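*Asks:* If you scroll down you'll find the structure; I have some questions about it.
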Amino acid sequence: MRKEDDLELLKAERDSADRDYNEALTRLDRAVQALPAEFPQPPPSPDEHQVTPLNSLWDLDDAAAPGGLLASAIRRALSPVLARQRAFNSAVVDHINRNVPVSRSTRESMETTLTLLRDHLEAMASFESLLIMFLQQITPYVDTRDRGVAGLLRGLSGAIDAVADETMKRTETLLARERRHEIRVSDLEAQVADLRRRLDEVTTTLSPRESDRAGP
């Protein structure tokens, strides 16, 4: 028997394939991604509270300093130190001013990136869920097709059986006619044989009389 004709073997292979498919579908369902309970948030905006005061206070303006010889002498003595302090203050304020827009841009970039990442993960999770739903519909779809084919085969089998029954009836009718014909032919042959026998008897009976007539 060919493998494709062994219905039990085909059923066992189908059942094994169904089990493997369902197990793979279960593993895939468990692997569907989900957003974390606490999704990362962008860092807070840069603290710019002291930026404006720093821009107005960095310069050590000595215009309002008290006058007098002693004060002038002190200012001249401290002038190098004050100049260095002023340069330091200018560098610090300049550094802060330059980093404020960088900090803003960094936060905006991180916020945009996190938003895109969240949207992407949500889309991926939605796609995986739809994929699971699609794969879950394959088995019923295939079963429906199988039932359709089985129904078609049953209908075809019924049509074949009907044709076979009709053919059998016609064959039986022809055989009955042939038997009746054979019976009739046999009766005719029997009648012909009986006629021949009688004809032979008549011929035998008449033969002596004709001999007598032909005498002297």
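The values are calculated or read from the model by the stated rules, or taken from the named source; none is laboratory data. Everything numeric in this text was worked out from a predicted model, so none of it was measured. Note that each Cβ is placed from the backbone with ideal geometry, even for glycine, and that neighbours are counted across all protein chains shown.
*Asks:* Return a yes/no flag: does region 12-34 have any residue that is farther than 30 Å from residue 142 by Cβ and touching a helix residue (DSSP H, G or I) at 6+ places or on another chain (Cβ under 9 Å).
*Replies:* Checked region 12-34: no residue is farther than 30 Å from residue 142 by Cβ and touching a helix residue (DSSP H, G or I) at 6+ places or on another chain (Cβ under 9 Å).
*Asks:* Could you please find all residues in region 26-60 being surrounded by 10 or more Cβ atoms within 10 Å (Cβ to Cβ), modelled with pLDDT under 85 and more than 30 Å from residue 93 (Cβ to Cβ)?
*Replies:* Listed by number, the residues that qualify are 28, 29, 32, 33, 34, 35, 39, 40.
*Asks:* Can you name every residue in region 111-137 that is farther than 18 Å from residue 35 by Cα, touching a residue at least 60 places away in the same chain (Cβ under 8 Å) and aliphatic (A, V, I, L, M)?
*Replies:* Selection gives 135 alone.
*Asks:* Also: Answer yes if at least one residue in region 85-92 is touching a Leu at 6+ places or on another chain (Cβ under 6 Å), of a type in the set (D, E, K, R) and closer than 25 Å to residue 59 by Cα, and no otherwise.
*Replies:* Taking every residue of region 85-92 in turn, at least one turns out to be touching a Leu at 6+ places or on another chain (Cβ under 6 Å), of a type in the set (D, E, K, R) and closer than 25 Å to residue 59 by Cα.
*Asks:* Out of curiosity, is residue 178 modelled with pLDDT of 80 or more, of a type outside the set (A, V, I, L, M, F, W, C), assigned to a helix (DSSP H, G or I) and closer than 30 Å to residue 27 by Cβ?
*Replies:* no
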